[in-house]
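K.L.:
If you scroll down you'll find the structure; I have some questions about it.
The values are calculated or read from the model by the stated rules, or taken from the named source; none is laboratory data. What you see is a predicted model, and the numbers here were worked out from it, not measured in a lab. Cβ placement follows ideal geometry from the backbone for every residue including glycine, while neighbour counts extend to all protein chains displayed. Just so you know, the surface numbers come from the protein's heavy atoms only, side chains and all, with ligands and any DNA or RNA stripped out. Shrake-Rupley method; radii C 1.70, N 1.55, O 1.52, S 1.80 Å.
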Amino acid sequence: MSKQLGRLPASGLTLELIPTVLWGAQRTYRCFGGASILTSAYFLFFLLVSISPFLIALPLWLSILIMFMTFGYGQRLFRKHLLLNHPAAIKKMVFTELGWCYIQLNDSKIFKADIKRNTILTEHLVILNMIEQPGEEASGTNFRLKIRHLFFLNQYSIFLTRDQLGATKFRDIKCYLRFINYIKKEESLEK
């Protein structure tokens, strides 16, 4: 683990993401802001999706199966993207050059990731989409790592709000993301 933590650079724009606690004393928000609204909306959406099979008159066994599958999937996404307490959730990001960054997950895995073109920037919200770059271990003969890079298992997303990061860090990340030239980046990846 110490060998992996040595790979994380000490310089660059660094974002340390603190897991959110919905109900409790650990909550760090000073007021009901964008992160709280987003978390509540996300939770209510998956709650509605999980009870909707009962409302459209499907057989009981199918409704229960759909409810458990959607609630389980929604709970996983909720913990990974908003609460940040899932083992595969992003804990720390260090942006070193335009177009890519280092990511540290809650399970202490560190890797280099490219920022995808479909990242969304608005005034109060950033949806940051990234894809893990294949490392030296993926070029070997390990079948599990090759499969991981073929499917969507190497893609990561995170929701960032002003009240979650603070005004200065939120402005810095938006400035950083505005200056990425995705056209040049895609041309260099094709070569």
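K.L.:
When the chain is fully extended, how far beyond the present Cα-Cα distance does Asp172 get from Ala57, taking 0.36 nm per residue of separation?
P.N.:
In short, 36.4 nm is gained.
K.L.:
How big is the accessible area of Thr122 in square angstrom, nearest 10, if you roll a 1.4 angstrom probe over the protein chains?
P.N.:
60
K.L.:
Distance check, please: which entries in Lys92/Lys174; Lys91/Lys112; Lys80/Lys169 exceed 19 angstrom between their Cα atoms?
P.N.:
Values: Lys92/Lys174 17 Å; Lys91/Lys112 14 Å; Lys80/Lys169 21 Å.
Exceeds cut-off: Lys80/Lys169.
K.L.:
Can you give the accessible area of Leu125, probe radius 1.4 Å, in Å² rounded to 10?
P.N.:
Accessible area of Leu125: about 40 Å².
K.L.:
Could you calculate the contour length gain from Thr96 to Leu153, that is, 0.36 nm times the residue separation minus the distance between their Cα atoms, to one decimal place in nm?
P.N.:
Working it through step by step, the gained length comes to 18.2 nm.
K.L.:
Can you give me the solvent accessible area of Tyr42 with a 1.4 Å probe, rounded to the nearest 10 Å²?
P.N.:
40
K.L.:
So, by mean Cβ neighbours within 10 angstrom, what's the order for 59-67, 82-90 with the highest one leading?
P.N.:
82-90, 59-67
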